[in-house]
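Working notes, beginning with the structure itself.
Every read-out reported here was derived from the displayed coordinates using simple, explicitly stated rules and does not represent laboratory data. Fair warning: this is a prediction, and the values are worked out from it, not measured in the lab. Positions of Cβ are generated from backbone atoms using ideal geometry, with glycine treated the same way; all protein chains shown enter the neighbour counts.
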Amino acid sequence: MSANPAPSGVSADTIVAIIAGAAVSISVAVLAALSQWRDRKQRTDLAREDRAQERLKSAYEELLPTLHGYRSQVALVEPPVRFSPTPELPKLPETEEIIRQFARAQLFGSPKVRLLLDKVRTDITALQLAIGDVERVKQWAASIAAVAVAHQQLREAYERLDAAKAVVFEDLADVEAEMRTDLGLPPCGKP
């Protein structure tokens, strides 16, 4: 005896086969949609990472010449043997341009580079104050007869200048090394 026919004359086996076929078709469609969604999300994530890396690279490449300019300036600030004018320093971009470059590197750079750039700004300010101290003492020493006192103060100002210069050199080398690491570039030697 065969299975009981369905009221419309279709066998139960046929109904089960139709339902199973529909379930398989729906499962395949759902899996295909999930696969397409996952692929689209992966492509979107990769594109986002590529754009972020390009912005980082652009910001760092723009700031690196300015940092090299600072290093050149710091290298030229030396205590003169006699009271002579400060040497001509290499030209840096305008202040607004430097601020813009630092801001872009702060925006797109790694957390470590952001911290190092904050330290560079602080230490450059200290270096500028030390240079100002040297210039004030030189002017004062030239205008009074107390050369011995001026000489001692000048020596102290030069010591502060040397200390500030060493800190800025190290800061600049650290930030440049971190930026080169972020870009996947080989390290360069410290001066």
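Multiplying the residue separation of Val24 and Leu183 by 0.36 nm and subtracting their alpha-carbon distance yields 52.3 nm.
Highest average first, the peptides 66-74, 38-46 ordered by how many other beta carbon atoms sit within 10 Å of their residues are 66-74, 38-46. Label sites at Glu97 and His68, each approximated as a point 7 angstrom past Cα along Cα to Cβ, lie 1.5 nm apart. The length gained by stretching the chain between Asp39 and Val16 to full extension, at 0.36 nm per residue less their Cα-Cα distance, is 4.8 nm.
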